[in-house]
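The numbers here are math on the coordinates, done by the rules we state, and not lab data. The model shown is predicted, which means the values in this text are computed figures rather than measured ones. For neighbour counting, all protein chains shown are included, and Cβ atoms are generated from backbone atoms with ideal geometry for every residue, glycine included.
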Amino acid sequence: MHQNDLQKLDEIYRRTIYVVEDETSAATFRVGQPSADLGKILRERNTTEWAFITPYNPYSTLLSASENKQRQARLIEELKKRNLAFLRGCGIGDHWQSEPSLLILGITFKAALEIGRLFEQNAIIVGNQITLMPELIWCFEQNLKDKN
């Protein structure tokens, strides 16, 4: 991907509002801004690490609603195979329609990156209970420092 495209995507992802809701919890957050709401969810569920991933529109290529729904079902299936808990959410941006996403609880950085790549995403958002700072991580090999 061209550097200008990456810069534009980076700006778009940082302006996006990410929302998570279930019957007992709700959180909104943005990349690079601490979120007490996420900290509360992590404490309530006794976990320290998380990732926010959508399977929709791989590499920013628009797919049909039915294709995206199939990808969402595959992501949920993958998480269940890995015994990972998740909450439903979405990313609300001004450059595209809201994309259903999942807040995956208890997932390591390495596993989150693997899933982001598996579902052909440009980037994922990760965080932990220590900093409560959502971090944008690019999924491209040349753009990342894989953490252990």
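Taking the Cα centroid of region 92-111 and of region 17-39, what is the distance between the two, rounded to the nearest whole Å?
Here the answer is 11 Å between Cα centres.
Which order, highest average first, do 97-105, 82-90 follow once you tally other Cβ atoms within 10 Å for each residue and take the mean per peptide?
Highest mean packing first, the order is 97-105, 82-90.
Name the residue from Gln70, Pro100, Gln129 whose Cα lies farthest towards the positive end of the charge dipole of the chain, charges +1 on Cβ of Lys and Arg and -1 on Cβ of Asp and Glu.
Projecting each Cα onto the dipole axis, the largest value belongs to Gln129.
With only Lys, Arg, Asp and Glu charged, each at its Cβ (+1 for the first two, -1 for the last two), find how big the charge dipole of the chain is about the Cα centre; round to the nearest 20 debye.
Taking the Cα centre of the chain as origin, the dipole is about 280 debye.
Run down the aspartates and glutamates and flag those whose C-alpha is under 12 Å from the C-alpha of Lys69, throwing out any fewer than 8 positions away in its chain.
Within reach: Glu99.
For the chain, what log10 I(q)/I(0) values come out of the Debye formula at q = 0.16 1/Å, with one point per alpha carbon and no solvent?
-0.83
Tell me the net charge near Gly106. Cut-off is 14 Å between Cβ atoms, Gly106 excluded, with +1 for each Lys or Arg and -1 for each Asp or Glu.
Surrounding charge for Gly106 is +3.
Under 8 Å for C-alpha pairs, at least 6 residues apart: give me the relative contact order for the chain, rounded to a whole percent.
29 percent
With the cut-off at 1.5 for a/c, could you classify region 91-132 from its C-alpha gyration tensor as rounded, prolate or oblate?
In terms of gyration-tensor shape, oblate.
Take every Cα-Cα distance within region 65-139, group them into 5 Å bins from 0 onward, and report for each bin the whole-number percent of pairs it holds.
So the P(r) values, bin by bin, are 3, 13, 24, 30, 19, 8, 2, 0.
Just check region 1-78 against the gyration tensor rule for me: Cα atoms, a ≥ b ≥ c as the square roots of the eigenvalues, rounded for a/c under 1.5, and otherwise prolate or oblate depending on whether a/b exceeds b/c.
Verdict is oblate for region 1-78.
Taking 0.36 nm per residue of separation and subtracting the Cα-Cα distance, what length does fully extending Glu135 through Ser25 add?
37.5 nm
Would you list the membrane-span-like helices of the chain, meaning whole DSSP H runs whose alpha-carbon atoms span at least 20 Å along their axis and whose mean Kyte-Doolittle value is at least 1.6?
none
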